[in-house]
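Colleague: Before I ask anything, here is the structure I am working with.
The values are calculated or read from the model by the stated rules, or taken from the named source; none is laboratory data. Predicted model only: the values in this text are computed from it and were never measured. Ligands, DNA and RNA are excluded from the accessible area calculation, which covers all protein heavy atoms including side chains. Shrake-Rupley method; radii C 1.70, N 1.55, O 1.52, S 1.80 Å.
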Amino acid sequence: AALLLSRCLLKMVKETIVVPEEILTFCCNGLQGSTSPQRGREPGEREEAAGAMANPSPARNPTEVQMSQLVLPCHTNHRGELSTGQLLKWIDTAACLSAERHAGCPCVTASMDDIYFEHTISVGQVVNIKAKVNRAFNSSMEVGIQVSYEDLCSGKHHSICKAYATFVAQSPSGGKVKLKPLTPQTEEEKIEHSIAAERRRMRLVHKDTLKDLLTRSPRETELETRDGSVAVPAAKTRVESVELVLPPHANHQGNTFGGQIMAWMENVATIAASRLCHAHPTLRAIEMFHFRGPSQVGDRLVLKAIVNNSFKNSMEVGVCAEAYGQEMSVSRRHINSAFMTFVVLDQEGKPRNLPMVAPEPGDGERRYREASARKKIRLDRKYVVSCKQTEVPLSVPWDQSNKVYLSYNNVSALKMLVAKDNWALAREKEKVRMYTLEEDKFLSFRIEMSVHITASRAFSLLSDLRRRHEWDRHYASAELVQQVDDDDMIYHVVSQTLSSENKPQDFVILASRRKPCSKGDPYVVAFRSVTLPTHPASDNFTRGETICSGFCIWPESEEMSKVAYYNQATPGYLNYVTSNVAGLSSNFCATFEACEKFLLKNKEDLFTRLQDL
């Protein structure tokens, strides 16, 4: 019917108005979806025009969602700056839409990683949000969100924050939905897809990291002393507020938007922070948090906030959200807890000194100690995880508080190197292929070959540095210094290679192992240098460092595996590399051939040999 009506309208237009034939032809083709040549146009000309239109920019990720919001006075605080709560609502909305594009069904916010806000946004500026699914697991998926603002007058763009949210797909009945896998296309998508598994692992051990640090810290609460400062009782900062969940606050399933809950929590946290400093604070960071359960339309949300601890230039505010229905007798449901870091800026935009906090006895003292532990973990995480690869020092001090994040950085750095697209084949000798990758400050190598061994067995053999001297003539010995857990070990390695000082080199190396997270993932063994107080630099050795190296092993069949070794050369190593490329490639190939012989010799473990006997 629509097609018939359109033809009638076009006939009327042709009889009354002189319209170029091309426009009418285009309109008809657009409605019919026809690709056949039209009257008055040569077939070759038609194909040429179609070819010109078929050459746009590369296809966009189907899960990508872009949102642009003009900041109006109703979105801002008294200073004319965008409310962080409003920004959190926009972030959650964009991320949810991206998740639902991939899942094809309603999704709910499960957690949000740390968010660091770099700038404030003023009235009249535009907030640009881009969200897309990085990786889908069984029933949950990670969505990456990039937020920037645009000044319409100057045309300048500035980054605000980068966030990672986890969403869970739900069926109409409320059960979980198994998600289809996501196939990354671009180099950036491949990197995010690969590292998403490592970020997921870090989220799962986040609470254990805090508990471990608290058990190692003294139980007594030591109050900080500052000259001329009087401690403010934490009870004076306590805030409690209630909100009624209405239909505009919820999604199409009646569940409260996660961004709306975060906005309400930010509101009470700001009031608590203001009561401590008697000024208007600025939110700088939100700690990683998880939603413990949903709330629905009609629920009453009770929001509580209190200042847990005050440091020199920042303070941590703890916020709790609980829900209950119309029946007051029903126990409240714990929905979410979050920890927000505030600062107070002076006229020059620099953080002011803050008054101290006197915690309440009992739970207040516990929250006071936990806030100090969270600050240390937050700084470690920001220092190790949030830095670009070129900004992370070669050897980072190893500590119980940062062990999770150093392990994350170790594996993610190798996965980023693996996902690069512009590797160039430098040499091929029989089964061994050597590739190089030139970047701004680094020259990286990749050597790979197929070996007749199971991937799991090759993973077990190559992850034990104590056996590396059996096939790598550069290794003299490797001592296991610390077994951190089942997946992370620290070795003290002595090399046969002599330095310019005519001394053997030694290394303190963190070895991180990862089994495949899902089908298609490789086995990963990543190496990087760390610093241990128990193994300082010695006069007998020249301390060497490695920034990123390791193995990736892909199963090709039940008995065949592709083994690839990666090494990112440090700047101090480049002079030797550039002057000895031919000799180096030959050396690499010979070492890798020795590695193959080692794997084939030991491809059956002791248990299998005993079974055969």
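Colleague: Taking all protein chains in place and a 1.4 Å probe, what share, in percent, of the accessible surface of region 231-389 do carbon and sulfur account for? Walk me through the intermediate numbers first.
Modeller: Details: 3630 of 7050 Å².
The computed percentage sits at 52.
Colleague: Evaluate the relative contact order of region 231-389 (contact order divided by residue number), counting alpha-carbon pairs under 8 angstrom at least 6 apart; express in whole percent.
Modeller: 27
Colleague: Right, something else. With a 1.4 Å probe and every protein chain kept in, tell me what percent of the accessible surface of region 61-216 is carbon plus sulfur.
Modeller: Ligands and nucleic acids excluded, carbon and sulfur reach 53 percent.
Colleague: With N denoting the number of residues in region 231-389, provide Rg(C-alpha) divided by 2.2 N^0.38 Å, to two decimal places.
Modeller: Normalised Rg, Cα atoms only: 1.11.
Colleague: While we're here: Return the subset of K156/K211; K441/K562; K132/K603; K178/K375; K130/K350 for which the Cα-Cα distance in this structure is over 32 Å, preserving the input order.
Modeller: Result: K156/K211; K132/K603; K178/K375 exceed 32 Å.
Colleague: Hey, another quick one. Can you give the percent of C-alpha pairs in region 100-156 whose distance is more than 15 Å?
Modeller: Counting pairs separated by more than 15 Å, the tail of P(r) holds 61 percent.
Colleague: With a ≥ b ≥ c taken as the square roots of the eigenvalues of the C-alpha gyration tensor of region 61-216, please select rounded if a/c is under 1.5 and otherwise prolate if a/b is larger than b/c or oblate if it is not?
Modeller: In terms of gyration-tensor shape, prolate.
Colleague: Expressed in nm², what is the orientationally averaged projection area of the convex hull enclosing the Cα positions of region 391-602?
Modeller: Numbers: hull surface 47.4 nm².
The Cα convex hull of region 391-602, projected and averaged over all directions, gives 11.9 nm².
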